[in-house]
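Taking it in order: structure first as structure tokens, then the write-up.
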Amino acid sequence: MKVSVIIPTYNCGKFLADCIGSVKAQTYKDWECIVVDDASTDNTAEILQELVGDDPRFIIKRYARNAGLSATRNRGLRLATGEAVFFLDADDWISATALEYLVGVAKQYPDAGRIVAPCISHWTIATGRWEIKPTGLHKADSPWLFKDPTCDVGHSTGSLYVLDNIAGDFMFPPEVRKYEDMIFNAGLIFS
């Protein structure tokens, strides 16, 4: 199963080394990474070029006009060629075994449309440094399936979406600039 990792970024240059490095370090090897720069005004473009170079697993798209997070994720979705999609924010990073683990769960639960797991680390303003959250940002008490009522409906970051098991329009509402993850996840239809 090929996984398309989609990273939207806007002025996140200072975080990209950890984010991109965590994707490069994946033990699971069948992935592509699409980084969509939403008209950053910092050094994001230069840093991405330095980090990615000519690595063919990475697709970098830069846009001249800022469109917001929903539209930026949609731009990445249009470029994705994987059977599954994993969203990663530019100020987060994932454990080296994250994709391997998520694909393993997808194989264990072949009818799952969305799989949530504790694999994200995130920058916190309070500490001013990266902080690993052992329970993850998207912890659920049972088998990490969206159809389970205990599953976090809110976040798309840290979720693996298996496209064969999702019907309908798999796009974020572009006009929405807050709570777009919740609206996106709540609107998914699982076949």
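The values are calculated or read from the model by the stated rules, or taken from the named source; none is laboratory data. Treat the numbers as computed from the prediction; the structure is a model and nothing was measured. When we count neighbours, we look across all protein chains shown, and the Cβ atoms used for this are built from the backbone with ideal geometry, even at glycine. In case anyone asks, the SASA skips ligands and DNA or RNA and just uses the protein heavy atoms, side chains included. Shrake-Rupley method; radii C 1.70, N 1.55, O 1.52, S 1.80 Å.
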Filter pass, residue 25 being open to solvent by 50 Å² or more (accessible area, probe 1.4 Å), among the small types (Gly, Ala, Ser) and either within 14 Å of the chain's Cα centre (by Cα) or more than 27 Å from residue 175 (Cβ to Cβ) (or both) = yes
Of all residues in the range 78-93 being open to solvent by 50 Å² or more (accessible area, probe 1.4 Å) and in contact with a strand residue (DSSP E or B) (Cβ under 6 Å, 6 or more places away or on another chain), the one that is modelled with the highest pLDDT | 79
Go through the range 1-66 and tell me which strands (runs of 3 or more DSSP E), entirely inside it, have 2 or more residues that are in contact with a Pro (Cβ under 9 Å, 6 or more places away or on another chain) and farther than 21 Å from residue 105 by Cα.
-> 31-38
Looking at (1) within 17 Å of residue 9 (Cα to Cα); (2) in contact (Cβ under 8 Å) with a residue 40 or more places away in the chain; (3) over 13 Å from the mean Cα position of the chain (by Cα), which is the one condition that is false for residue 81?
-> (1)
If you check residue 96 against the conditions, is it among the small types (Gly, Ala, Ser), open to solvent by 10 Å² or more (accessible area, probe 1.4 Å) and modelled with pLDDT of 95 or more?
-> no
Among the residues of the range 1-22, write down those that are touching a Leu at 6+ places or on another chain (Cβ under 9 Å) and open to solvent by 40 Å² or more (accessible area, probe 1.4 Å).
-> 10, 17
Exactly one of 75, 65 is farther than 15 Å from residue 19 by Cβ, within 14 Å of the chain's Cα centre (by Cα), open to solvent by 40 Å² or more (accessible area, probe 1.4 Å) and not aromatic (Phe, Trp, Tyr), and that residue is 75
